[in-house]
Amino acid sequence: MSQLSQVIRFASGLYRQRAGVAWTGYFQRDPMALLQLRPGRVDPYAIYGRLRASGPLVPTRLGNWVSTSHRVCDSVLRDRRFGASPAADGQPAGPDAFGLSFLEMNPPDHSRLRRLAMPAFSPKAVAGYAGRVERTAGDLLDAASTAGRFDLVSGFAAPLPIAVITDLLGIPDSRSVDFARHGMLIGGALDGIRSLRHARQLQASNEELARLFEQLFELRRREPRDDIVSHLVATEGDQVGPAEMVPMCTLLLIAGFETTVNLISNAVLALLSHPGQWRALCADPENLAAKAVEETLRWDPPVQRTGRFALEPLELAGRTVAKGQLVVTLIGAANRDPEVYDHPDTFDVMRDGARGHLAFSSGIHYCLGQSLARLEATVALRVLAERMPGLARDGAVQRRNATTIRGPLRLPVTAGPAPARAGTAGPAPARAGTAGAAGTPP
């Protein structure tokens, strides 16, 4: 088959699939299709409500299953009878333009590769990163304060975790922008390829990122340091194969900032959309920043869904799941399950028990970097509340063109007046749960 024929065949299949989703969603009102369209980007929670009314485990039009239940989702994510891959050998099925390493694997390969990365994300290691996170956040807010008006995403939420993960990987400062640019493009494709142009961009970024990592591997073979890549290079051929190196580092790069960028952005958007909650945080940032992070992870998590394949026939929530069938776990819906949370649609930073959410998944695929993401987001909210209590939205929010990963692409804000000096009078803070405590995300 000629290259032109391959392109035509790919394009026709892609646009046929997209047209099918649009028809099924907009005309047949299929909830799973709507989640992939604009309604799912704007407010997936209304669609989750429709699915929840149909029961804890619902069949999909493609012959699989979907769940909005916290109990069912948690069970699926923990159950070893389910896997991230349907393949018996635990490897992702079929060729993939940008494989996500052990995220798509079952044991034993998942366990082997995850174990190599674990030391960099241990509680002791993460505690050592606090100083870097604080300094980076402070520097970014210095620049933002000078500008007055800035984009919260590109000016603060994105560069903070990018600076940290590139440092952990051992990426030289002179190349960090290149790594981040290609990583963000690949990470933004988790919902799939949108067009031929998008496909070409993905292929180019995938090839360039692989080339950059190969160069970094060579550098760290000559000049090893105390970073993730140096440790991986030292185990190459023994614990990790040469072909596994680039996918593993690509996963760590993307996962190292993709979740945190959207966690910080979603948190700030939620807080500014609920003024009473923002004022409460500003009144006690030291104690409430971490709680605000957990409530954001519950109320509007950056990762909205994942899925597991049945590795054998089994019973689940009174239904028979066949071997090979996919169960889509709607994390965003499970985190608002009324059987688990009181007033689940209310955003309340004072909530107790929010940490039981599934925003970082569960079971053996529980997010490796969750401690680092929590640290970065907590520091980000604390320093914002301390240094910019007058922070306010200043323009329309632009959502990402994605539904698996949820967050704003642009969030224009103004820094507001500088905080009053100690001893000066200021407005009394509102208690959490007052003005603007409920509703769906804007």
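One residue stands out in the stretch 301-323 among those that are in a loop (DSSP other than H, G, I, E, B) and touching a Gly at 6+ places or on another chain (Cβ under 7 Å): the one that is farthest from ASP191 (Cα to Cα), namely LEU311. Taking the stretch 23-37 as the range and being in a helix (DSSP H, G or I), surrounded by 14 or more Cβ atoms within 10 Å (Cβ to Cβ) and not hydroxyl-bearing (Ser, Thr, Tyr) as the test, the residues that pass are GLY25, PRO31, MET32, ALA33, LEU34.
Taking the conditions (1) of a type in the set (A, V, I, L, M, F, W, C); (2) modelled with pLDDT of 95 or more; (3) over 23 Å from the mean Cα position of the chain (by Cα); (4) open to solvent by less than 10 Å² (accessible area, probe 1.4 Å) in turn, LEU263 satisfies each one other than (3). Of all residues assigned to the stretch 413-421, at least one qualifies as being surrounded by fewer than 21 Cβ atoms within 10 Å (Cβ to Cβ), among the polar types (S, T, N, Q) and at pLDDT 95 or above. Identify, please: which residue in the stretch 134-182 is of a type in the set (A, V, I, L, M) and in a loop (DSSP other than H, G, I, E, B) and is, among those, surrounded by the fewest Cβ atoms within 10 Å (Cβ to Cβ)? Among those residues, the one meeting the criterion is ALA158. Per the listing PRO301, PRO313, the residue uniquely without any contact (Cβ under 8 Å) to a residue 12 or more places away in the chain and closer than 19 Å to LEU77 by Cα is PRO313. No other residue among ARG387, ARG374 is open to solvent by 10 Å² or more (accessible area, probe 1.4 Å) and over 27 Å from TYR48 (Cα atoms) apart from ARG387.
Looking only at residues in the stretch 324-334 that are outside any strand (DSSP E or B) and in contact with a Phe, Trp or Tyr (Cβ under 7 Å, 6 or more places away or on another chain), the one that is surrounded by the fewest Cβ atoms within 10 Å (Cβ to Cβ) is GLY324.
For the stretch 128-142, a tally of residues being touching a residue at least 24 places away in the same chain (Cβ under 8 Å) and more than 21 Å from the chain's Cα centre (by Cα) returns 4.
With the condition kept exactly as written, say whether any residue in the stretch 195-218 is in contact (Cβ under 8 Å) with a residue 24 or more places away in the chain, farther than 30 Å from SER12 by Cα and outside any helix (DSSP H, G or I). Within the stretch 195-218, none of the residues are in contact (Cβ under 8 Å) with a residue 24 or more places away in the chain, farther than 30 Å from SER12 by Cα and outside any helix (DSSP H, G or I). For the stretch 300-309, check the following and say yes or no: at least one residue is out of contact with any strand residue (DSSP E or B) (no Cβ under 7 Å at 6 or more places or on another chain), crowded, with 23+ Cβ neighbours inside 10 Å and basic (Lys, Arg). Within the stretch 300-309, not a single residue is out of contact with any strand residue (DSSP E or B) (no Cβ under 7 Å at 6 or more places or on another chain), crowded, with 23+ Cβ neighbours inside 10 Å and basic (Lys, Arg). Scanning the stretch 316-355 for residues that are out of contact with any helix residue (DSSP H, G or I) (no Cβ under 8 Å at 6 or more places or on another chain) and among the small types (Gly, Ala, Ser) yields GLY318, ALA322, GLY324, GLY353.
Taken over the stretch 335-355, the criterion of being open to solvent by less than 50 Å² (accessible area, probe 1.4 Å) and without any contact (Cβ under 8 Å) to a residue 40 or more places away in the chain is satisfied by PRO344 alone.
Restricting the first member to the stretch 365-382 and to residues that are in contact (Cβ under 8 Å) with a residue 24 or more places away in the chain and hydroxyl-bearing (Ser, Thr, Tyr), and the second to residues that are open to solvent by less than 30 Å² (accessible area, probe 1.4 Å) and in a helix (DSSP H, G or I), the beta-carbon pairs closer than 7 Å and six or more apart or on different chains are SER371/PHE121; SER371/VAL126; THR378/ALA289; THR378/VAL293. For ALA199, the conditions (1) within 20 Å of the chain's Cα centre (by Cα); (2) open to solvent by less than 30 Å² (accessible area, probe 1.4 Å) are fulfilled apart from (1). Would the stretch 43-64 turn up any residue that is at pLDDT below 95, assigned to a loop (DSSP other than H, G, I, E, B), open to solvent by less than 70 Å² (accessible area, probe 1.4 Å) and among the aliphatic types (A, V, I, L, M)? No, there is no match, as no residue in the stretch 43-64 is at pLDDT below 95, assigned to a loop (DSSP other than H, G, I, E, B), open to solvent by less than 70 Å² (accessible area, probe 1.4 Å) and among the aliphatic types (A, V, I, L, M).
Scan the stretch 219-241 residue by residue and report those that are open to solvent by less than 30 Å² (accessible area, probe 1.4 Å) and in a helix (DSSP H, G or I). Selection gives ARG220, ILE228, VAL229, SER230, LEU232, VAL233, THR235.
Checking each residue in the stretch 242-260 for being open to solvent by 40 Å² or more (accessible area, probe 1.4 Å) and among the aliphatic types (A, V, I, L, M) picks out ALA243, ALA255.
The values are calculated or read from the model by the stated rules, or taken from the named source; none is laboratory data. Since we're looking at a predicted model, the values are computed, not measured. Because the Cβ atoms are built from the backbone with ideal geometry, glycine has one as well, and the counts that use them run over all protein chains shown. When the accessible area is computed, the model is the full protein with side chains, heavy atoms only, and any ligands, DNA or RNA have been set aside. Shrake-Rupley method; radii C 1.70, N 1.55, O 1.52, S 1.80 Å.
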